[in-house]
């Protein structure tokens, strides 16, 4: 049989693969439903509208970061706001560095504590285990205003001056439940027979933790860390209550600019942050794929 066209070769390979890997009946029904679904359906329309709703503000910010004027009327292309961002925005970069330091420090601490807590709750059986799991989710459910006020009262009661340290403690407490939940969800898919095998081979509890469990749940740990960094960078409400002199973060700085009108320099900074986030996301994706391929 001769197959001169690429389409013939493609269909031949697909048919050979289908013979080797039989498809289950539910998979056939799902595939048939997807093939018969009209292109213009309600789900597709809702998805398209949701994407436009989410990303249209970002597109507007990026476009007007190159606008020559401050207003929302396009007057011409210019990169002057980027020059001002990198050459004449010391206070903005100072607030951004404060946010970045607090985000990395609080996310790192919350990741370590949340990972160990999730492993302990999932691995061991002890008294009040269910109550600890329930209480740990409270910071995710309570409004941030209540968390900010309660932390402010606590810091005042222990006579801890407001500043970078109080923001760091507050952000760590706020991010901890998210790390705990994400790592715990990853551990639910973990095969604990591997732990039994490692113990049979003579591994200690510490060796099992660092050489078996943590490498297995590493994707969940990295995802939790990045989510904690994002939550800390964008937090305003809790930071507003627990910040002090010399500890202005980027959200607080942008809020202080609202009364005078937001400068397009913020639009330029937004594009820089978007590009940085995309680079980190793609790098993490490739790193996780390399980890999965090596196993």
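The values are calculated or read from the model by the stated rules, or taken from the named source; none is laboratory data. Quick caveat: nothing in here was measured; it's all calculated off a predicted structure. Every residue, glycine as well, gets a Cβ built from its backbone with ideal geometry; the counts of neighbours run over all protein chains shown.
Values as computed for the structure displayed
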item: Residue list for segment 242-255, restricted to those being over 26 Å from the mean Cα position of the chain (by Cα) and without any contact (Cβ under 8 Å) to a residue 24 or more places away in the chain; result: none
item: Lone qualifier among 271, 233, 226 - being farther than 26 Å from residue 140 by Cα and in the same structural domain as residue 177 (by TED's automatic domain parsing); result: 271
item: Only listed residue being surrounded by 11 or more Cβ atoms within 10 Å (Cβ to Cβ) and not assigned by TED's automatic domain parsing to the domain that holds residue 254, chosen from 54, 142, 104, 58; result: 58
item: Cβ pairs under 7 Å, 6+ apart, first in segment 41-59 and within 17 Å of residue 274 (Cβ to Cβ), second at pLDDT 85 or above and assigned to a helix (DSSP H, G or I); result: 58/274
item: Residue ranges of helices (runs of 4 or more DSSP H) in segment 111-192 with at least 3 members touching a residue at least 40 places away in the same chain (Cβ under 8 Å); result: 144-157, 164-187
item: Condition check for residue 219: more than 24 Å from residue 106 (Cα to Cα) and in contact with a helix residue (DSSP H, G or I) (Cβ under 6 Å, 6 or more places away or on another chain); result: no
item: Failed condition for residue 39, given (1) loosely packed, with under 10 Cβ neighbours inside 10 Å; (2) part of a helix (DSSP H, G or I); (3) at pLDDT below 85; result: (2)
item: Which numbered condition residue 275 fails, given (1) outside any helix (DSSP H, G or I); (2) modelled with pLDDT of 85 or more; (3) exposed (fewer than 13 other Cβ atoms within 10 Å of the Cβ); result: (1)
item: Sole exception among (1) surrounded by fewer than 19 Cβ atoms within 10 Å (Cβ to Cβ); (2) at pLDDT 85 or above for residue 249, by number; result: (1)
item: Members of segment 69-87 that are part of a loop (DSSP other than H, G, I, E, B) and either at pLDDT 85 or above or exposed (fewer than 10 other Cβ atoms within 10 Å of the Cβ) (or both); result: 72, 73, 76, 78, 79
item: Residue ID - surrounded by the fewest Cβ atoms within 10 Å (Cβ to Cβ), chosen from residues in segment 88-101 that are part of a helix (DSSP H, G or I) and in contact with a helix residue (DSSP H, G or I) (Cβ under 8 Å, 6 or more places away or on another chain); result: 91
